[in-house]
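Take a look at the structure below.
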Amino acid sequence: QVQLVESGGGLVQAGGSLRLSCAASRSIFSGDVMGWYRQAPGKQRELVATMTSVGSTNYADSVKGRFTISRDNAKNTVYLQMSSLKPEDTAVYYCKLTMSWGGTYWGQGTQVTVSS
């Protein structure tokens, strides 16, 4: 079993920046994929960004150019740097780990609220 712990959520003004962190309780191996998803009230959970252990990334069109996913394998941590935030970015953000063999783990989520 793997535990994921998110941090960095909070309230920020539109146009501002915020960085989310997700620390895993075990080493991240080649083939593992870490990513961020979000869910706003009344909406489906959606992919925000993912990154493989070798640096391949994938972003939702709605955040491309504004958000950046990165990881520090030595610290077993993935980050989401969010810039030019908009009110529509308001959601609960979840960290996700998909292991190479298919096992999936989710963090508890962290609230991001962007005020206008």
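The values are calculated or read from the model by the stated rules, or taken from the named source; none is laboratory data. All figures in this text were calculated on a predicted structure; none of them were measured in a lab. Note that we place each Cβ from the backbone using ideal geometry, even for glycine, and neighbour counts take in every protein chain shown. Note: accessible area is taken over every heavy atom of the protein model, side chains too, but ligands, DNA and RNA are not part of it. Shrake-Rupley method; radii C 1.70, N 1.55, O 1.52, S 1.80 Å.
Here the Kirkwood formula puts the hydrodynamic radius of the chain at 14.1 Å, using every distinct Cα pair.
What does the charge count around residue 114 come to, taking other residues whose C-beta lies under 11 Å from its C-beta (Lys +1, Arg +1, Asp -1, Glu -1)?
-1
Return the single residue from 53, 62, 84 with maximal mean-square fluctuation; model: Gaussian network over the chain, springs between Cα atoms under 10 Å. Top of the fluctuation ranking is 62. Over the chain, Cα pairs under 8 Å with separation of 6+ residues give a relative contact order of 36 percent.
The chymotrypsin sites (Phe, Trp or Tyr not before Pro) of region 25-89 that DSSP puts in a loop, and whose beta carbon has at most 12 other beta carbons within 10 Å, are 29.
Dipole magnitude for the chain: computed about the Cα centre from +1 point charges on Lys and Arg Cβ and -1 point charges on Asp and Glu Cβ, it is near 40 debye.
What's the longest uninterrupted piece of the chain once you rule out the trypsin sites (Lys or Arg not before Pro) that are loop residues per DSSP with at most 16 other Cβ within 10 Å? Longest site-free region, per DSSP loop and neighbour criteria: 67-116.
Taking the protein heavy atoms of the chain in the context of the full set of protein chains, the accessible area attributed to carbon and sulfur is 47 percent at 1.4 Å.
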